[in-house]
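To start, the structure under review is shown below, and the notes come after it.
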Amino acid sequence: MPTLSAITDEQVEILIGDVLEQYGYDFTGYSRASLKRRLIRLYTLDKQVSFAEFRYKICKDSVYFRRFVEQITVNVTEMFRDPSFYKALRHKVLPNLATYPFIRVWLAGCSTGEEAYSMAILLKELNLLHKSLIYATDINPTVLEKAAQGMFPLGHMKQYSENYIESGGTQEFSSYYSASYSLAKFDSELKAKLIFSTHNLVSDHSFNEFQLILCRNVLIYFDRDLQFKVLTLFDNSLEKLGYLALGTKETTDFSPISKRYKRLETEKIWRKINE
Amino acid sequence: MKGCKALVIGGSAGSLDVLIKVLPELDTDLAFPIIIVIHRKKGTDSLLADLLSTKTQLLVKEVEEKEEILARTIYIVPSDYHLLIENDHTFSLDYSEKVNYSRPSIDVTFQSAAEVYGEQLVCLLLSGSNTDGVNGLITARNYGAEICVQDPSTAQVDFMPAQAIASVKVDHILSTEAIAAYINTLN
């Protein structure tokens with residue numbers, strides 16, 4: 001018999017049941033193909049020898065479970081990713097929020113924080129940062145600790161700087177951070193307007209009303225039912241005339257909230273036109 | 001092979017020219033989907049689908065996530081995402097780490113398709129300058145899929161197909177001219 005995948009579909013379901021029962025983390029609405037691939041990746045990375053041992057460790061070792069959550073969720077991100085998206089925020093979205101006395105932004109699935117700091121830079125350049133708060137949330141406490149430090153590898157700055165310029169940035173990108181060994185430490189002025197907190201889109205409720213919600217490349221990991229549930233959560237958390245921004249390949253189309261939203265021409269940004 | 005449920009084509013440098021030659025010769029009633037994973041720069045998606053759709057009467061479209069996979073359709077994997085296939089024959093996209101310095105990675109889609117389609121999968125690896133796709137072919141072979149590779153001597157960049165032939169038992173080594181006729185026999 002040739003060696004097939006290290007973890008079977010049935011074993012994926014067993015683990016989903018285990019972590020729901022043991023820890024209350026509900027992965028039942030996650031896309032199976034991606035979840036299975038992440039599980040196999042973790043199993044291989046950690047040189048697990050049998051499913052039984054892998055399962056035991058996940059269930060009984062809470063430190064390892066933390067690693068489990070960190071590794072099976074995808075935490076790949078960058079600053080000013082998709083520059084044309086940030087350009088649209090800069091020119092078409094944020095100017096419409098400028099008249100509000102206070103701007104609340106929710107960045108759901110913020111991972112290690114690169115988008116949160118990008119958002120803060122954008123608000124600062126539009127002279128809105130002083131009256132803004134960015135709530136950046138993630139399911140995964142480990143990435144939030146990194147995000148709160150505001151330090152990113154110096155080696156990434158060249159790419160981020162190019163993204164920033166392409167997105168319409170007007171300043172010297174390096175003026176926003178100071179180099180410290182191999183890290184770029186971002187200004188505390190930006191950090192002061194960021195609130196990092198755990199939030200599980202599957203099980204946690206709305207916690208405020210926002211003018212702008214960004215959730216990019218998170219819904220792709222969910223099945224349709226969970227996508228609709230999370231979009232409804234966003235709808236309940238967004239003020240009328242507020243904006244919802246999704247990833248390049250994500251959409252509100254076919255969802256229960258779609259009729260209340262109007263899309264900005266080219267980008268994956270929708271405005272809430274009706275309550 | 002008969003009863004093909006899906007054909008996945010992977011390619012990198014030099015593979016676009018092959019597709020441009022192959023697509024016009026394909027039968028327009030193909031009873032299976034063709035899924036194309038091709039390395040390219042970010043942000044050139046619609047251009048590629050537009051270009052390829054001028055070469056065939058088959059529907060050519062960029063993949064939408066959670067979309068149902070249908071016959072007589074050519075799906076192009078969007079740039080900067082991995083493409084996975086669900087057991088219910090829908091697509092999922094994934095923005096996880098690059099594999100072989102590539103996103104989309106050919107390995108990722110070959111492997112995912114192999115788990116879902118098994119012996120009813122055909123994999124075809126074209127011209128390219130890295131080794132992405134080779135591990136995916138090995139997995140697909142283990143699942144009983146049919147393995148085809150462009151004849152390195154007819155490839156613009158022979159490294160990728162040559163690596164595949166050196167690493168996995170290949171069912172068919174196809175010259176550029178023979179590819180379309182072979183695909184039509186799968187119908």
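Figures for the structure shown
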| quantity | calculated |
| --- | --- |
| Some residue of region A:33-48 being under 30 Å from residue A:272 (Cα atoms) and not hydroxyl-bearing (Ser, Thr, Tyr) | no |
| Helices (runs of 4 or more DSSP H) completely within region A:130-245 that count 1 or more residues being more than 30 Å from residue A:64 (Cα to Cα) | A:157-166, A:188-191, A:224-236 |
| Residue, farthest from the other protein chains (Cβ to nearest Cβ), within region B:84-102, restricted to residues that are farther than 13 Å from residue A:220 by Cβ and not polar (S, T, N, Q) | B:101 |
| Residues located in region B:144-160, provided they are touching a Ser or Thr at 6+ places or on another chain (Cβ under 6 Å) and surrounded by fewer than 24 Cβ atoms within 10 Å (Cβ to Cβ) | B:151, B:154, B:156, B:157, B:159 |
| Selection from region A:26-49 of residues that are of a type in the set (Lys, Arg) and either within 10 Å of another protein chain (Cβ to nearest Cβ) or in contact (Cβ under 8 Å) with a residue 12 or more places away in the chain (or both) | A:32, A:36, A:37, A:38, A:41 |
| Tally of residues being of a type in the set (A, V, I, L, M, F, W, C) and under 16 Å from residue A:80 (Cα atoms) across region A:176-192 | 3 |
| Complete set of residues in region A:81-114 that are within 13 Å of the chain's Cα centre (by Cα) and either among the acidic types (Asp, Glu) or under 19 Å from residue A:157 (Cα atoms) (or both) | A:81, A:110, A:111, A:112, A:113, A:114 |
| Neighbours by Cβ (under 7 Å, 6+ apart or cross-chain): first from region B:50-77, over 16 Å from residue B:38 (Cβ atoms); second of a type in the set (Phe, Trp, Tyr) and assigned to a strand (DSSP E or B) | B:65/B:91; B:66/B:91; B:67/B:91; B:69/B:91 |
| Count of residues meeting criterion [exposed (fewer than 12 other Cβ atoms within 10 Å of the Cβ) and assigned to a loop (DSSP other than H, G, I, E, B)] in region A:1-56 | 7 |
| Whichever residue in region A:57-98 is outside any helix (DSSP H, G or I) and not charged (D, E, K, R) and, among such residues, is farthest from the other protein chains (Cβ to nearest Cβ) | A:98 |
| Test: residue in region B:118-135 that is assigned to a helix (DSSP H, G or I), closer than 14 Å to residue B:9 by Cβ, under 14 Å from the mean Cα position of the chain (by Cα) and not β-branched (Val, Ile, Thr) | no |
| Residue that is farthest from residue B:76 (Cα to Cα), among those in region B:93-117 that are buried (at least 24 other Cβ atoms within 10 Å of the Cβ) and among the hydrophobic types (A, V, I, L, M, F, W, C) | B:114 |
| Residues of region A:221-260 satisfying the condition of being more than 30 Å from residue B:88 (Cα to Cα) and not small (Gly, Ala, Ser) | A:236, A:238, A:239, A:240, A:241, A:243, A:260 |
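Values quoted throughout were computed directly from the atomic coordinates according to the rules given, and no laboratory measurement underlies them. Keep in mind the model is a prediction, meaning the values are calculated, not measured. FYI the Cβ positions are ideal-geometry reconstructions off the backbone, even for glycines, and counts take in every protein chain you see.
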